[in-house]
1. Go through segment 564-581 and count every residue that is hydrophobic (A, V, I, L, M, F, W, C), over 21 Å from D272 (Cα atoms) and buried (at least 17 other Cβ atoms within 10 Å of the Cβ).
2. For Q561, all conditions in the list (1) open to solvent by less than 40 Å² (accessible area, probe 1.4 Å); (2) polar (S, T, N, Q); (3) under 15 Å from F295 (Cα atoms) hold save one; what is the number of the exception?
3. Please report, ordered by residue number, the strands (runs of 3 or more DSSP E) entirely within segment 158-274 with at least 3 residues that are within 30 Å of C606 (Cα to Cα), β-branched (V, I, T) and touching a residue at least 40 places away in the same chain (Cβ under 8 Å).
4. Here is a list: D251, D220, D272. Which entry is touching an Asp or Glu at 6+ places or on another chain (Cβ under 7 Å) and of a type in the set (D, E, K, R)?
5. Scan segment 108-140 for residues that are touching a helix residue (DSSP H, G or I) at 6+ places or on another chain (Cβ under 9 Å) and either exposed (fewer than 15 other Cβ atoms within 10 Å of the Cβ) or not polar (S, T, N, Q) (or both) and jot them down.
6. How about segment 89-143: which of its residues are in a strand (DSSP E or B) and under 60 Å from the mean Cα position of the chain (by Cα)?
7. Evaluate the following for N419: is it in contact with an Asp or Glu (Cβ under 7 Å, 6 or more places away or on another chain) and at positive phi?
8. When residues of segment 492-545 are filtered for being closer than 20 Å to S355 by Cβ and either surrounded by fewer than 19 Cβ atoms within 10 Å (Cβ to Cβ) or without any contact (Cβ under 8 Å) to a residue 24 or more places away in the chain (or both), how many remain?
Amino acid sequence: MVVMKGIYLAVIVLVASSSFYSNQVKGEQEDDDDYYDSRERVLETSYHGLIKENETFVEITPLIKVDETKICGFHIIKKNKEIPFQIELVNELGILKAKKSLNCEKRKNYKFDITAVFCDGSHSKSANVHISVIDINEYSPTFLQPSYVTEVDEGRLYQEIIRVEATDKDCTPLFGDVCKYEILTSDQPFTIDNEGSIRNTEPLSHKASHNHILSVVAYDCAMKQSAPVMVNIRVRRVCEAHVMGVAERIDYIANSMESVSLFPKIHLELCDMQCKGEDMVIQSSVSLKTKHISFGCDRDASQCLKKLSEEERIESGLVDLLQKNTDWTKDLVYDEGSESIFHFDGSSGAVIPRSLLKSEDFAAHSFSIMTMFRHHSIASNDKHSKEHIICSADDHKMNRHHMALFVRNCRLILLLRKNFNDGDLNIFSPAEWRWKIPQVCDNEWHQYTINVDLPKIDLYIDGVKFESNVEDRHSNPEVIDDWPLHAAHGINTTLTIGACYQGSENRLKHGFSGDISEIKLSLKKVLTPNQIRCGTDCSEKLLPPADHYLEPEQQIQSNTQMNKIIIEGSNKSNIEQLLQQIQYINNKENPTIGRRNIQIMTTVSCPNKKAIRLPTIDTYIMITSPSNSSTMATASPMYQKILVDKPLTIDQKPQIVITGNSNHLVSYPDIKDGVKILAQVNISIYTGKEIRPSLQKLDSCNVNVFPSLNPDHEEITVDDKDGTDESLFKFDIKTKISKDGVEMIGYDTIENYQYIMKSLVYINKKPAYYLNRVFKLTCSQVDDHFRSAEYTLTLTVLHPKQQPTPSSTLMAVPSVLSTASNDGQAHSSIAVAADSHDANQYAHAMLHSHDIQESQSKVHNIAHEKAQLASSHSTMLIVVICASFVLLICGVGIARLRNNGGSSSSHSRNLDKHQPCPKVAPEQQLDWDDSALTITINPMQNDNLSDESSESENSDSEDEEVINGRYKNVSQLEWDNSTI
């Protein structure tokens, strides 16, 4: 019992003591928790800081703010890596700094913990700090390679030639990414994109440049530029198959009657082209182009008649209806040359006298009509108008057409009506034959022969019988039936050429528009094929190689006109040899002087494969007179006999005179928009001292440009905006424009030639490249037998310069003065000089003589130089006296103002209205007596000027006026190079 009580007391004591102890510990623990809780609230949970690469101060967010009464410092908790930061307590703030400059490219972010150190040495709970390093653009882009080299083929456009690549060490996209590439080298046909890909903008040429060296730079996205890298693009020469060794011009002397080799050095460059296991096929064609000359080629009917047998000549019995120097053709317009070319304008014609050909009933017997003409096809709404070559109609009272050959709606039509006594008046019979042929309206020369042997009628064109196509064999020719003509007693017929006679109106109508060379009739009998071909064959032709040059499987083909030769084979060397043997010959006694174009076309192919065409080669034969052309123009009696049937005297010989301005000065805007270079040109043809209207026509005109045009920024165009609604094609003039000038060919009036010349516009988009351009114009008549003197126009570009100040302008007045010529001609030169600050200034304003490329020797006249020097001293003396006079007037005015200084206020106010020194209006600043003054412009250019400059004309105008792109006063300027 005692033991149990003791145990019970012991348990009670133990429980009480443990309860006391636990309560004591719990109290102490609660006090410790309150203490630590207060310390954890010193720092935020995390901080974020920013620091630039070139700085050490860290911008921290939020601010590390503490109470200095409790906190005495901070501690950075270092883990495995070194932390390049330190933190200090300054004014209750934790200042975080870097120990050294940081590098974003090595490390962009830093993470570490910090704690606050209490003054008792204990530490607060740690806070997380995250610091980002801000990048600065300290590096420029650099290319991966020190230079780039590549090769390309000439003549190609590439999508990408080469790609350059650059990098940047900066760590952010703005500074570390490459956003742009640029080619610094100017005037190169290349472009580069933002990815560094370089391509060419035009095909490259090995001949123009073997390689292109480019300077390329890269930019980062902040546009910081890299150092340039060199890109060398080499141009590989690509072998282009072409024809070589052909001369640009081949000369042929007229009347030589000898053949000349056209291509003695021709060579085919085929660039190792070959066919696999088969022979290569080479075909070359040589064509002679003569459509632009008289009759389309040189024909000689007189020589052809000699080849006919005597029986054929007698049987032909041709009656020539179109002859020169006859009573019935004297009023017609025709060429004064050896060729019989008559010009009809639709209103002219001729009546054939009965003495030459009596009234004929053409329908009663066989006959032939032979004619050669060139129809001027002009667009017209009237497709029913008739243009007669020959016509037999009633001579009075009525207008019945018995026989006629005419053109209507591009058809050649033969009308042949039977008379009342040739058959039943109630029976239809063929009366019209209408041939639809392209030759009638192609503006080219053709010979037409119609054999009438009723009911058979045949047409021959250029000696070849017309055969209609299978499709239109029943409609070409279209045959129209009609009744025979009714009886009309006492009425005969009148035969006319070039028009048709209207008996009721007693005049000619339905005239032909074009040129006719011959109209001949063969009565009672039709012409034979040999007689028809006589005179149609060209006297000039190409001669093919001899047969012994041919090898097996080689072929030579020639057309009937002998103006085209085709050579075909597989042996390149033999083809070249055959081409070298081709010749040209002109058998005409008096060939047409001028140019014959030659065209060479070559194709290469493998069997059963598409042919490759080589570039076409164009050259020409120039037929020249046996002696100097000027000698021929002033001709001996023998030459006159060849040239014209009725010789002309020297005074009667045509002289082509071209007049106009010799200098044309233009400004930058004018020449960029276009300048009409021949707007002032006038052409006239004189015989002696008179102008004969019948001779006012030309065969050709050529405008040559020196130096040749640069197609990149220069061109000559035809501007017809100021013309009529009709096109320039209404003229019978073919115009060809090239970099060397303008070539105009075709028989037409001077008025039409001048219309085209005045429509020629010269455009230069880069006028700073050139100071002047020279245009030379020549015209010819009668197939180049009469040629004009060379007319030269110098087009000078006026280069702008900075405008001088008024003071400097007035200071320069004495330097632009020179003595006038002895005849007293004068200019308003001082007014121009004084107002020059308001007018356009030009660095160059040169008046060129026509021999601008020839240096001229100058002979200085000592007496003349002394006279000029004395005149110059006199001019300076006049200037000094005038200046002194003006100063004297100013001084007197000032003195008077001072003497009147004490007058009344009202009087003072009146005086205040006057200036101390009288001023002159701007347009009347210096009222010089300029009767003996001229302007000297740019005397340093006197090497190209003639000492015999024409004297300028009087002018009352004081300001320069621009008229039609020309400066009015420029023509009045005169060189004074006596003091140079």
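The values are calculated or read from the model by the stated rules, or taken from the named source; none is laboratory data. Everything numeric in this text was worked out from a predicted model, so none of it was measured. Quick reminder, even Gly has a Cβ in these numbers, built from the backbone with ideal geometry, and neighbours come from all protein chains shown. With ligands, DNA and RNA removed, areas are computed over all heavy atoms of the protein, side chains included. Shrake-Rupley method; radii C 1.70, N 1.55, O 1.52, S 1.80 Å.
1. So in segment 564-581, the residues hydrophobic (A, V, I, L, M, F, W, C) come out as 565-567, 575, 578-579.
If we keep only those that are over 21 Å from D272 (Cα atoms) as well, we get 565-566.
Now narrow it down to the ones that are buried (at least 17 other Cβ atoms within 10 Å of the Cβ): 565.
Here the count works out to 1.
2. Here Q561 meets the rest and fails (1).
3. Values: elements: 178-183, 190-192, 197-200, 211-220, 229-236, 242-244, 249-253, 267-269.
Answer list for segment 158-274: none.
4. Values: D251 fails: touching an Asp or Glu at 6+ places or on another chain (Cβ under 7 Å); D272 fails: touching an Asp or Glu at 6+ places or on another chain (Cβ under 7 Å).
Step by step, each of D251, D220, D272 is checked, and only D220 is touching an Asp or Glu at 6+ places or on another chain (Cβ under 7 Å) and of a type in the set (D, E, K, R).
5. To start, the set of residues in segment 108-140 that are touching a helix residue (DSSP H, G or I) at 6+ places or on another chain (Cβ under 9 Å) comprises 116, 118, 122-125, 135-139.
Selection gives A116, F118, S122, H123, K125, D135, I136, E138, Y139.
6. Quick first cut of segment 89-143, residues in a strand (DSSP E or B) only: 89-90, 93-98, 109-118, 123, 127-134, 142-143.
Answer for segment 89-143, where residues must be in a strand (DSSP E or B) and under 60 Å from the mean Cα position of the chain (by Cα): I134, T142, F143.
7. Values: in contact with an Asp or Glu (Cβ under 7 Å, 6 or more places away or on another chain): yes; at positive phi: no.
Against the criterion (in contact with an Asp or Glu (Cβ under 7 Å, 6 or more places away or on another chain) and at positive phi), N419 does not qualify.
8. Residues flagged as closer than 20 Å to S355 by Cβ and either surrounded by fewer than 19 Cβ atoms within 10 Å (Cβ to Cβ) or without any contact (Cβ under 8 Å) to a residue 24 or more places away in the chain (or both) within segment 492-545 amount to 3.
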